[in-house]
Structures are given as structure tokens and as C-alpha cells.
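Here the structure comes first, spelled out in C-alpha cells, and everything after it is commentary.
The values are calculated or read from the model by the stated rules, or taken from the named source; none is laboratory data. For clarity, every value in this text was computed on a predicted model and none was experimentally measured. When we count neighbours, we look across all protein chains shown, and the Cβ atoms used for this are built from the backbone with ideal geometry, even at glycine. Ligands, DNA and RNA are excluded from the accessible area calculation, which covers all protein heavy atoms including side chains. Shrake-Rupley method; radii C 1.70, N 1.55, O 1.52, S 1.80 Å.
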Amino acid sequence: MAERFIPALGHAWLTRFYDPVLRWTMREATFKSRLVAQADVRPGHRVLDLGCGTATLTILVKRSQPDAEVVGLDGDPEVLRRAAAKIAAAGVDIALSRGWSDRLPHEDGCFDRVVTSLLLHHLSSEAKRRTLAEVHRVLRPGGQIHIADWGQAQDVVMRGAFLAIQFLDGFATTTDNVRGRLPAMLRDAGFAEVRETARLRTIFGTLSLYRGERPR
Ligand SMILES: C[S@@+](CC[C@H](N)C(=O)[O-])C[C@H]1O[C@@H](n2cnc3c(N)ncnc32)[C@H](O)[C@@H]1O
């Protein structure tokens, strides 16, 4: 089980720099806005942001659809403290909880959407599989997962750029991403309508968006 986790920037002491690093180096506004648009959250939906970190995406989802119930979960108490402060400053109603992606504390079928950004490359292959199985369990039939994470490099420049992330977060957890295995892992977990919907060039390599659906 994932008791030991990789913090947002690979090391706990770097977490304070996470938001500026993402904002200035990762086209964060672009890819998170695209993920929110792709998720198409409707009034009355229940949405989980899995591995919510400092809650930038969580807040964007809530602002995109104030009549949805949005919750965030992360394993790191320090990052959750930062998330809670941002949520309070934003004046939005979002519940946060501490927990592990591969044993979610939620009931079966209770979410319409699960969004997750930059979590999966922090997990071993086995933890990715358990996590996707858990997401499948907590989504209602017809519910959708929307993912932003490192994907298969478009070219040798993007492959080279991704080495920085591999040195920071580890090769063991990032190899599935850069080899383009996430869609197959989604299908293996029982998701249908699995697609890579976008590929963005960043200074740290190719960032991909994916979607999948729990069959009805
Ligand atoms: C790179 S950060 C991404 C944060 C946020 N989703 C974003 O896009 O800015 C990865 C987050 O996943 C969390 N995390 C890593 N492993 C986890 C696990 N097994 N369960 C829950 N959270 C985990 C880390 O604490 C960290 O906040």
C-alpha cells in the first residue's frame, strides 16, 4: 500500500515552491483549463480531485460549476494545509481529506467524475493499477475519469526533457507514463471509451490528457 508517497516536487522541502514552479514552467493554466473543459462537470455532479496537491485544479473545477460538489484527496498533510489556505482565500466550498489513492475512503459509485493531475507518475505500476481499480469502483456507471499526466514523448527533444522529471520523481514510477502505457492500464481496469485527448509540449516533456468511462 502507498504509505510512503512522493511529495509534489519529489522532496518535502520543495513543496513550498510547487505552485510557482508549475505556474511558470508547465503551462499549468492551459492544461488544467483544458482538463476542466474536458470533464464537462454538470450541476449536481459529485467530483473527486485525486491527489489534489495544493488544490489549483480542485478550485478551477468548483469555479467552473459552482453547483457541483467537489472534494479533494491527497496523502500529504503539508500539501493539504496549503490547499486549505488556497480554498479559504478563494472563498469556495470544497472538502479535503487525507487518504491514499489505492484505497479510497468513498462508497462504490458515489462520483460522477474523478479528475486527477500529475498523480499517476508518482505511483509504482502496481499502485497505478490499484488506484485505477479504486477510481473505477467509486465512479457510478457512466461516470468518467479525466487525467492530466506525463505521456509518451512526441520526439527526442521531449524524451530528453523528461529525464529531469525522471531524476526528480524516480524512473520506477515514471516509465509507464513515458512509454505510453496509461491508456492500456485504464482499459485493464475496466474503463471504456479510453482516449488520449491532447498532447502538450512543456519544458519537462510531453504532458498528455486522457479520458475513460465506467461502462453503464
Ligand atoms: C505532482 S503533485 C500534483 C498535485 C496536483 N494534482 C496538481 O496537479 O498540481 C502529486 C500529488 O500526489 C500526492 N500523492 C502521491 N502519492 C499519493 C497517493 N498514493 N495517494 C494520494 N496522494 C498521493 C502528493 O502528495 C502530491 O500532492
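Are there any pairs with C-beta distances below 7 angstrom linking a residue in the range 30-58 that is of a type in the set (F, W, Y) to a residue that is away from the ligand (no atom under 13 Å from the Cβ), with the two at least 6 apart or on different chains, and if so which?
Listed by first residue and then by second, the contacts come to F31/L200.
Confirm whether A12 is more than 9 Å from the ligand (Cβ to nearest atom) and at pLDDT below 95. Step through it out loud before you land on a result.
On the way: more than 9 Å from the ligand (Cβ to nearest atom): yes; at pLDDT below 95: yes.
The answer is yes for A12.
Based on what the data block shows, is R159 surrounded by fewer than 18 Cβ atoms within 10 Å (Cβ to Cβ), farther than 20 Å from V79 by Cα and either in contact with a Cys (Cβ under 8 Å, 6 or more places away or on another chain) or among the β-branched types (V, I, T) (or both)? Before the answer, list the steps.
Values: surrounded by fewer than 18 Cβ atoms within 10 Å (Cβ to Cβ): yes; farther than 20 Å from V79 by Cα: yes; either in contact with a Cys (Cβ under 8 Å, 6 or more places away or on another chain) or among the β-branched types (V, I, T) (or both): no.
In short, no.
Of the conditions (1) in contact (Cβ under 8 Å) with a residue 12 or more places away in the chain; (2) open to solvent by 60 Å² or more (accessible area, probe 1.4 Å); (3) among the aromatic types (F, W, Y), W24 fails just one. Which one is it?
Result: W24 fails condition (1) only.
Scanning the range 33-58 for residues that are open to solvent by 10 Å² or more (accessible area, probe 1.4 Å) and part of a helix (DSSP H, G or I), which turns out nearest to the ligand (Cβ to nearest atom)?
Ranking the qualifying residues of the range 33-58, first place goes to T56.
Among R81, R63, which is the only one that is touching a helix residue (DSSP H, G or I) at 6+ places or on another chain (Cβ under 9 Å), loosely packed, with under 14 Cβ neighbours inside 10 Å, assigned to a helix (DSSP H, G or I) and modelled with pLDDT of 95 or more? Outline the logic, then answer.
Details: R81 fails: touching a helix residue (DSSP H, G or I) at 6+ places or on another chain (Cβ under 9 Å).
R63 is the lone residue from the list that is touching a helix residue (DSSP H, G or I) at 6+ places or on another chain (Cβ under 9 Å), loosely packed, with under 14 Cβ neighbours inside 10 Å, assigned to a helix (DSSP H, G or I) and modelled with pLDDT of 95 or more.
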